[in-house]
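See structure below.
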Amino acid sequence: MLTLHYLNDSRSQRILWLLEELNVDYNLAIYQRDAKTGLAPKELKAIHQLGRAPVLTTEHGAIAESGAIIEYVITQFANDTFQTPADERAYQSYLFWMHFAEGSLMPPLVAMKVLFKAREKSPFLFKPVVNKMVEGIIRAYYGPNLEQSLKYVESWLASHEWFAGNEPTGADVQMSFPLESLVATGRAKAYPAITRYVQRVHERPAYQRALSKGGKYAYA
């Protein structure tokens, strides 16, 4: 049987949602972030050397990386309403959004989070310098990069209910996490289509079941 190794407030939530959509039999092992560092606990390294989550263990070993887990689960357990698109146009969209989520959208989000944390933790005497440096980096690169990506996502969702076809797919599972984080932190106020999309995801019965099993999730 599959076991999902789930870390609180992480990308693990989208895998849990997928397993519930597909009605897969699985075990759930829940881990909590370190209260001081916010990082995954060392116990996860016993599951996979990277020590991160999510990780899915099968009878053949452990799979890390959300995209790989999504591809594996859908390949093995696809049902009539949740599967890889057969239509060629929808399939191309599926491939694009599956890779866009972590390849284009998440890097500036993560970088900006790190920069904000550095600014917050900087010594008082150095704050003016650190603030200026952080603002300069964001204004020069990460801010425009993120804005361009979000405008593209918004334009897509303004005319599409889901990312690849008429039903949710693995592309929606992959895209859900960054968009949830943006809505939850108030950075999607200028993007109504993204906000509506996240609401649609959260209203799905399978998503609600995933929340009840995974526990408190900051981005819901």
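Considering only segment 174-194, how many residues are part of a helix (DSSP H, G or I) and charged (D, E, K, R)? Looking only at that region, the number is 1.
Within segment 107-120, residues that are under 12 Å from residue 145 (Cβ atoms) have Cβ atoms under 7 Å from residues that are part of a helix (DSSP H, G or I) and among the aliphatic types (A, V, I, L, M) in these pairs: 108/146; 109/146; 112/138, counting only partners at least 6 apart in sequence or on another chain.
Within segment 1-25, the only residue that satisfies the criterion of being closer than 16 Å to residue 72 by Cα, under 13 Å from the mean Cα position of the chain (by Cα) and of a type in the set (S, T, N, Q) is 12. Checking the stated criteria, residue 66 turns out to be of a type in the set (S, T, N, Q), closer than 29 Å to residue 185 by Cβ and touching a helix residue (DSSP H, G or I) at 6+ places or on another chain (Cβ under 7 Å).
Quick grid of which residues meet (1) part of a loop (DSSP other than H, G, I, E, B); (2) under 19 Å from the mean Cα position of the chain (by Cα); (3) within 23 Å of residue 94 (Cβ to Cβ):
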| site | (1), (2), (3) |
| --- | --- |
| 27 | no, no, no |
| 34 | yes, no, no |
| 38 | yes, yes, no |
| 45 | no, no, no |
| 49 | yes, no, no |
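Can you confirm whether residue 197 is out of contact with any helix residue (DSSP H, G or I) (no Cβ under 8 Å at 6 or more places or on another chain), assigned to a helix (DSSP H, G or I), at pLDDT 95 or above and outside the structural domain of residue 79 (by TED's automatic domain parsing)? If you could, list the steps in order and put the result at the bottom.
Details: out of contact with any helix residue (DSSP H, G or I) (no Cβ under 8 Å at 6 or more places or on another chain): no; assigned to a helix (DSSP H, G or I): yes; at pLDDT 95 or above: yes; outside the structural domain of residue 79 (by TED's automatic domain parsing): yes.
Against the criterion (out of contact with any helix residue (DSSP H, G or I) (no Cβ under 8 Å at 6 or more places or on another chain), assigned to a helix (DSSP H, G or I), at pLDDT 95 or above and outside the structural domain of residue 79 (by TED's automatic domain parsing)), residue 197 does not qualify.
Among the residues of segment 56-74, those identified as among the hydrophobic types (A, V, I, L, M, F, W, C) and either assigned to a helix (DSSP H, G or I) or more than 20 Å from the chain's Cα centre (by Cα) (or both) are 68, 69, 70, 73, 74. Taken over segment 21-41, the criterion of being in contact with an Asp or Glu (Cβ under 9 Å, 6 or more places away or on another chain) and basic (Lys, Arg) is satisfied by 33 alone. Within the set 127, 113, 121, the sole residue that is under 16 Å from the mean Cα position of the chain (by Cα), at pLDDT below 90 and farther than 27 Å from residue 73 by Cα turns out to be 113. Looking only at segment 200-220, residues that are of a type outside the set (A, V, I, L, M, F, W, C), surrounded by fewer than 19 Cβ atoms within 10 Å (Cβ to Cβ) and part of a helix (DSSP H, G or I) come to 8 in all.
Taken together, 165, 136 contain a single residue that is surrounded by 21 or more Cβ atoms within 10 Å (Cβ to Cβ), modelled with pLDDT under 95 and not aliphatic (A, V, I, L, M), which is 165. Scanning segment 1-45 for residues being of a type in the set (Val, Ile, Thr) and without any contact (Cβ under 8 Å) to a residue 60 or more places away in the chain gives a total of 3. When 165, 103 are checked against the criterion of being in contact with an Asp or Glu (Cβ under 7 Å, 6 or more places away or on another chain), within 26 Å of residue 78 (Cβ to Cβ) and not assigned by TED's automatic domain parsing to the domain that holds residue 17, a single residue qualifies: 165.
The values are calculated or read from the model by the stated rules, or taken from the named source; none is laboratory data. The structure presented is a predicted model; accordingly, all values stated were derived computationally and were not measured. When we count neighbours, we look across all protein chains shown, and the Cβ atoms used for this are built from the backbone with ideal geometry, even at glycine.
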